[in-house]
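Beneath this line is the structure, given in structure tokens, with notes to follow.
Rule-based calculations on the coordinates, nothing more; no lab input. Fair warning: this is a prediction, and the values are worked out from it, not measured in the lab. So basically every Cβ, Gly included, is an ideal-geometry build from the backbone, and we count neighbours across all protein chains shown.
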Amino acid sequence: MNDVIKLDNFLFGGDYNPDQWLKSPEILKKDIEMFVEARVNVVSLGIFAWSAYEPVEGEFHFEWLKEIIDNLYNNGIYTVLATPSGARPKWLADKYPEVLRVNKDRRRIGFGMRHNHCHTSSVYREKVYIINRKLAETLGDHPGVILWHISNEYGGECYCDSCQKAFQNWLKDRYQTIDRLNDEWVTAFWSHTYNSFEQIEAPGTMELGEWAMNPLLLNWRRFVTFITKDFMKNEIKALRDAGNQKPATTNFMYDYDGLNYKKFSDIVDIVSWDNYSRWHKFEDIEVAYDTAFQHDLMRGIKHKPFMLMESCPTAVNWQSISKLRWPRLAETAGLQAVAHGSDTVMYFQMRQARAGMEKLHGALISSYGEKDDRIYEECVSLGKRLEGLGRCNSGQVPVQTAFVYDRENIWALEDSFGPRNKDMGIKSLTNKMYKGLRRANLNVEIVDMEDELTGYKLVVAPLAYLHRAGFADKVRKFVTAGGVFVTSYWFGIVDEDDKMHLGAVPHELTDVMGLRETEVDGLFDGMKYKILKAQGATDKLKEEYSFDMLCNLVEPTTAKTLMTYGSDFYAGTPAVLVNEFGEGKAYYLGAHAEDAFYEDLFDYIVEEAGLDRIIEEKLPYGVELSSRYLGDQEKVFLQNFTRNEIAIDTKVYNGTLKAYETVVCDKC
Ligand code: GAL
């Protein structure tokens, strides 16, 4: 399937917990029979099996696992083998309580749940190293094992003394001297000047210490990424020290804000993620665009095909309401991942748990355990469909458009006081602009400010408030060389330590944008203003659009006005502008506008810039369009994310799409 795993075909399967069924061999046997019928060719094993591997300290049992891996392999099913650090055994927590996390309120948690260990605890690191190494030595070379699944959904923070010390050391590395840190953080504000790195404490709760000092918050978040990655490196080292070189991944989460996943790109061999879309909670096509963005985000981490490691064929029981999926939605959701670059469709869970928190979670095989089950039948149908797609060979998604979504910038926006503490609308603007691009029939790659921009024709960077070092320069070069750049209000305001730039903003880019941002206005909830088309602006734009939340006032120098504000004391001043610079163009979108604005504007930009659309015809709302190479052929995916039939009349496909149906055709 993938250049990393070296299998040609798509992988279909998911998380399997045979360790919960060791006393029921007849069930394990039947599972395999049902997997084979569903064309399952991969399962993830051992994710939370530490107490089965090492029931008492130093006593290891992998024979049961070997038997299961053997049986699966003999039936054509590969194993993604997990390291078990996501949940520790009771004996370990009892004997070494320092492995347990200290929360933000500075209290150590008790044993329970999972994903709550300290990342700097030397005992925990040592115990994880030992179990990982033993696992690799015993089973790593098994021909059925194709990939390491390192831990599970890394996340969270620990505030123990050891983590505090590690934070101080990390800051020392970053700033070298305390004077430099004081200068960059402007700690003179409210008399927070530090005399030494040892005085610096991680953020606390409101009563417990510092919770509002922006550079501290931002750098703590950076440190948490660093220390989690460092913990993961220790896990991988154990496998490599055992002489095992099989590729490794770790499963990322939906828009997870606690880590900057981009920083993991050099230690994971392939990106994988867990998708639990809230189908039917909102209009499904909106959920589909939101999910599509996440798939593109994951593909953008390494700019390569990725794995859908977990998803659910039906109800997800930890969501507030466990809504059943409509027929065919499981298939279409799975194929959506494939369309966006996934080489796998994998589920949590393969067999419904017997007890515990996940006993009501959807699964490929339910507790009923027979084949005449609606969800199982849907899975069989998807398995066959994936098999029918043939060789995927890690086909790329062809893209000319990049969307800048930078975690460090998002952190700074979220922690900022003003211009809208209630909701900065990051998600809302992201969704609107992404959807506008997709409705213009474009594939999109999500990048961050560390990525190169050369090679794209269109770069969209909404709410790029904090510029990472070198980003302004990349934008300048991109536009100079003929690229089309689109940004929004609140652009280029602060530096990497969240310190205001002095002088005209957008910092270092006023000439590229042909304007100066003067003031930003936060609108109260319920306030709806208008932007109005300027004289001579393109016919593709309507006479007016509404906006809310935020807008930026600007003073143009060379930029041409496309729309002006229609409300408040700034009525008549420029709201949407375009500037010709070098060989390219830079657009400034001053307000958080209604969806139609982005759809119309991108349609215009794509035509004007001569970008390749996946297909030329505009599709009815409700159909998601994407394309991807499978082998040497670019395939077009048309997916109906509604409960109605939709008629399609295009060169690649002419016919009807049933509710939640996907058709895959050759691009002509
Ligand atoms: C994931 C987790 C799985 C399982 C699943 C349930 O976040 O990795 O272990 O708990 O959620 O939806």
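Summary of values
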{"item": "Long-range amide H partners of Asn9 with built H, under 5 Å", "result": "Cys392"}
{"item": "Estimated FRET transfer efficiency when R0 is 51 angstrom, pair Ser567-Ile109 (beta carbons, to 0.05)", "result": "0.50"}
{"item": "Centre separation in Å (Cα based) which lies between segment 135-206 and segment 379-433", "result": "26 Å"}
{"item": "Calculated FRET value between Thr454 and Cys668, using beta carbons and R₀ = 41 Å, to 0.05", "result": "0.85"}
{"item": "Taking segment 442-597 and dividing mean pair separation by its residue count, relative contact order in percent (alpha carbons under 8 Å, at least six apart)", "result": "23 percent"}
{"item": "Table column - 3J(HN,Hα) (Hz), segment 281-294, Karplus curve with 6.51, -1.76, 1.60, x for Gly and Pro", "result": "6, 10, 4, 4, 5, 5, 4, 5, 5, 4, 5, 4, 4, 5"}
{"item": "Global geometry of the chain, whether rounded, prolate or oblate, following the gyration tensor of its Cα atoms and the 1.5 cut on a/c", "result": "oblate"}
{"item": "Top positive-direction residue, dipole computed over segment 131-244 with Cβ charges, set Asn132, Asn169, Thr193", "result": "Asn132"}
{"item": "Neighbour net charge for Glu450 - beta-carbon separation under 12 angstrom, K R +1, D E -1", "result": "-2"}
{"item": "Potential lengthening between Glu63 and Lys172 on full extension [0.36 nm per residue; Cα-Cα distance subtracted]", "result": "34.6 nm"}
{"item": "Those chymotrypsin sites (Phe, Trp or Tyr not before Pro) in segment 346-389 that DSSP places in a loop and that have at most 10 other beta carbons within 10 Å", "result": "none"}
{"item": "Nearest-20 debye value, segment 161-216 charge dipole, Cβ charges on Lys, Arg, Asp, Glu", "result": "140 debye"}
{"item": "Zone of Ala353's modelled label, taken as backbone nitrogen in segment 102-119 under 20 Å from a point 7 Å along Cα→Cβ", "result": "110-117"}
{"item": "Across Lys172/Lys432; Lys384/Lys635; Lys66/Lys371; Lys304/Lys359, pairs whose alpha-carbon gap is larger than 29 Å", "result": "Lys172/Lys432; Lys304/Lys359"}
{"item": "Peptides 310-323, 599-612 ordered by average Cβ neighbours within 10 Å, highest first", "result": "599-612, 310-323"}
{"item": "Length added when fully stretched, Lys658-Asp612, from 0.36 nm per residue minus Cα-Cα", "result": "13.8 nm"}
{"item": "Projected label distance in nm at Asn195 and Phe282, using a 7 Å step from Cα toward the beta-carbon", "result": "5.2 nm"}
{"item": "Cα shape, segment 107-255, gyration tensor, a/c 1.5 rule", "result": "prolate"}
{"item": "Dipole of the chain, positive end: most advanced residue of Val40, Pro203, Ala412 [Cβ charges, Cα centre]", "result": "Val40"}
{"item": "Gyration tensor (alpha-carbon) shape descriptor, segment 623-666, a/c threshold 1.5", "result": "prolate"}
{"item": "Alpha-carbon centroids, segment 643-666 and segment 285-321: separation in whole Å", "result": "22 Å"}
{"item": "Karplus 3J(HN,Hα) series, Hz, for segment 151-162 with 6.51 cos²θ - 1.76 cosθ + 1.60 (x for Gly, Pro)", "result": "6, 8, 6, 3, x, x, 9, 10, 10, 6, 4, 5"}
{"item": "Packing-based order for 625-635, 487-497, using average beta carbon neighbours within 10 Å, highest first", "result": "487-497, 625-635"}
{"item": "Order by protection proxy (mean Cβ within 10 Å, highest first), peptides 498-504, 572-578, 65-71", "result": "572-578, 65-71, 498-504"}
{"item": "Theoretical ellipticity at 222 nm over the chain - DSSP helices of four or more residues, -39500 (n - 2.57) apiece, nearest 500", "result": "-9500 deg cm²/dmol"}
{"item": "Linear extension gain, Lys540 paired with Thr557, 0.36 nm per residue minus alpha-carbon span", "result": "3.7 nm"}
